[in-house]
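To start, the structure under review is shown below, and the notes come after it.
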Amino acid sequence: MSAFIASSVLARSTANPRASSVSTRVASTTGTRAFAKCHGADSLSARDALGGSSRVPSRTSTPARSTARFGVRALDAAMPFDNEARAAKRLRKLKIGIVGFGNFGQFLAKRFIDNDHAVIATSRGDYSDAAKKMGARYFPDPDDFCEQHPDVVIFATSILSTEATINSFPVQRLRRNTLVADVLSVKQFPKQLFLQRLPDDFDIVCLHPMFGPDSGKGTWKNLPLVYDKVRIGEEQPRRERVDNLLSIFEDEGCRMVEMSCEEHDRQAASSQFITHTVGRMLGSMELEDTTINTKGYESLLNLVNNTSNDSFDLYYGLFMYNKNATQELNRLELAFSQVKAQLFDRLHTLIRDDIFDIDGSSPEQLKAAWEKAGETMNERGYKERLIDQVNSTGVIGGSRDEPDRKGAQSEAPSR
Ligand code: NAP
C-alpha cells in the first residue's frame, strides 16, 4: 500500500513539478519505507535510500539501485536532514508586507514569521511595539514600507477602509511585478479594486482565510483558505511566488479551496454573514453559562465567542460589500417569522378547539370542569383573553406583559 502511495506520489511529482511540494509530506513518511521495502532492506538507512548522499544522485551513479523503481526519484521525499530540502525552503523565504496591522494583520504576521518568512508592516496607527515583539519590522510611513520592496503586499485593512487605503498607497514605490493580495472577508470588491487601481504588471491573488484570531488560535488544520489567482504573470518565478505564499497556509494544514471571488461571495453570504448575524443576535441576548449546558447550547456560546471580538466595521463590511447579503438577511428574517408563526398557529388551533368545543365537551361540562378546578367562568384567565384577542384582531401577538390593544394591563395567567 505504502509502495503504491509512494509510486503515485512520484508519478505525480514527475508529471507536475508543482505537485511536489504537496507530495513532500506524504512521501517523507511513506516514501523511504516503501523504498526500503521494495529493496528487501528494511534496515536500509534513509540516507542510503537516497543513494548515500544528500545531493541529487545521478541515475547512473549507483547502477544497482538506478534500475529500482523508486531509486533516485525518491529525493522528492524530503527528509528533515536533507540539506537540499532545507536549501529549497530557504529559497522560498518571502518578504511579506502587511498593510493594516490590526487584529487580523498581526494574527497572520505571527504565523508567517513562525514559518520563517520576513514580515514588514504599515498601518494607520503605530504598531512599532507589537511588531518588534513578534519579530516584524514596522514602518509608519507607507513610502518607507514600499521602499523595502516586499515580494508580496497583503492588504489586511478593514473592508470599509480598503478603497481609501489603496487610493493613497504609493504603489509606484513598489518593485515592478510585485504580488498583491488581500485577506478581506468579501472578495469581489477587492478583486475589482485591484484590477482597476494596480499597475498592469502587478500580480494579484485574492485570499480569504475563513478563520480568525479566535477560531484559528491553535492549529489551522482543515480550516478553509479560499483563493483566487486573479492575475499572475506567465514567468516561472511569478508562478512560484504565488504558490510559495499559498504553501504557507497549505503547510499549516489549511483546506485549500480555489474559487472565484464571485462564487465566494455567493456562498459566504449564506454561511459567514448568517453566522456573524446570529452570533451578534445571541451576543446581544447576553447568554450565560449554566450548570446544565447541552452540547447544542455550548456551540451557541462558542458562536458568540467566535464572533463577538470581531469589529462592527468587519460585520458591516460583510453586509455592505457583499451584494448577496441583503437577500440572506431577508431570508433569515422570513425564516424566523415562519418558525414563530408555526408556534402561534398551533396555539390558535388549541384555542379554536376550545371555542368550538372540538373535544366534545359541552359548555356545561366545561363550566363544571372549571368550577371543579376552583375557577369560575367569570374569572378572566390569560387563555380567555387570548380568545378575545383572536376574535377581535384575528392574530395573536405581543407578550403577556404588554398592554393589550385596548390599553388594559395584562393579568398573570390563571391557568
Ligand atoms: P477590521 O476592523 O476589519 O480592520 C482593522 C484594520 O483596518 C486595522 O489594521 C486598521 O488600521 C485598519 N483600518 C480601519 N479603518 C481604517 C482607515 N480609516 N484607514 C486606514 N486603515 C484603517 O478588523 P480585523 O479583524 O483586523 O480585519 C482586517 C481584515 O481582515 C478585514 O478586511 C477582515 O474582513 C479580514 N479578515 C478578518 C478575519 C477575522 O476573523 N478578524 C478573518 C478573515 C479576514 P489601524 O489599526 O492602524 O487603525
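Hey, any hits in the range 231-246 for a residue that's within 15 Å of the ligand (Cβ to nearest atom) and open to solvent by less than 30 Å² (accessible area, probe 1.4 Å)? No - not one qualifying residue is present in the range 231-246. Taking residues in the range 263-282 that are under 12 Å from ALA325 (Cβ atoms), and partners anywhere that are aromatic (Phe, Trp, Tyr), the pairs with Cβ atoms closer than 7 Å and at least 6 places apart or on different chains are PHE273/PHE319; HIS276/TYR315. Going by the structure shown, is ILE159 buried (at least 22 other Cβ atoms within 10 Å of the Cβ) and either more than 14 Å from the ligand (Cβ to nearest atom) or within 16 Å of ARG231 (Cα to Cα) (or both)? Spelling it out, it is not the case that ILE159 is buried (at least 22 other Cβ atoms within 10 Å of the Cβ) and either more than 14 Å from the ligand (Cβ to nearest atom) or within 16 Å of ARG231 (Cα to Cα) (or both). Residues of the range 121-142 that are closer than 22 Å to GLY216 by Cβ and either more than 12 Å from the ligand (Cβ to nearest atom) or not in a loop (DSSP other than H, G, I, E, B) (or both): ALA121, ALA130, ALA131, LYS133, MET134, GLY135, ALA136. Quick check on PHE312: is it touching a helix residue (DSSP H, G or I) at 6+ places or on another chain (Cβ under 6 Å), within 15 Å of the ligand (Cβ to nearest atom) and among the hydrophobic types (A, V, I, L, M, F, W, C)? Taking the combined requirement at face value, the residue does not satisfy it.
Please tell me if TYR321 is among the aromatic types (Phe, Trp, Tyr), within 12 Å of the ligand (Cβ to nearest atom) and surrounded by 15 or more Cβ atoms within 10 Å (Cβ to Cβ). Yes. Filtering the range 259-311 to residues that are in a helix (DSSP H, G or I), polar (S, T, N, Q) and open to solvent by 30 Å² or more (accessible area, probe 1.4 Å) leaves GLN267, SER270, SER271, THR275, SER284, SER299, ASN302, ASN305, ASN306, SER308. For the range 163-183, the criterion of being in contact (Cβ under 8 Å) with a residue 60 or more places away in the chain and more than 21 Å from LYS93 (Cβ to Cβ) is met by at least one residue. Scanning the range 188-213 for residues that are more than 14 Å from the ligand (Cβ to nearest atom), assigned to a loop (DSSP other than H, G, I, E, B) and open to solvent by 40 Å² or more (accessible area, probe 1.4 Å) yields PRO199, ASP200, ASP201. Residues in the range 143-186 that are over 20 Å from the mean Cα position of the chain (by Cα), assigned to a loop (DSSP other than H, G, I, E, B) and among the β-branched types (Val, Ile, Thr): 1 in all.
GLY216 meets each of the listed conditions (1) in a loop (DSSP other than H, G, I, E, B); (2) free of Cβ contacts under 8 Å to residues at least 40 places away in the same chain; (3) within 15 Å of the ligand (Cβ to nearest atom) apart from (2).
The values are calculated or read from the model by the stated rules, or taken from the named source; none is laboratory data. Values in this document were obtained by computation on a predicted structure and should not be read as measured data. Neighbour counts run over all protein chains shown; Cβ positions are idealised from the backbone, glycine included. These area figures cover heavy atoms from the full protein model, side chains too; ligands, DNA and RNA do not enter into them. Shrake-Rupley method; radii C 1.70, N 1.55, O 1.52, S 1.80 Å.
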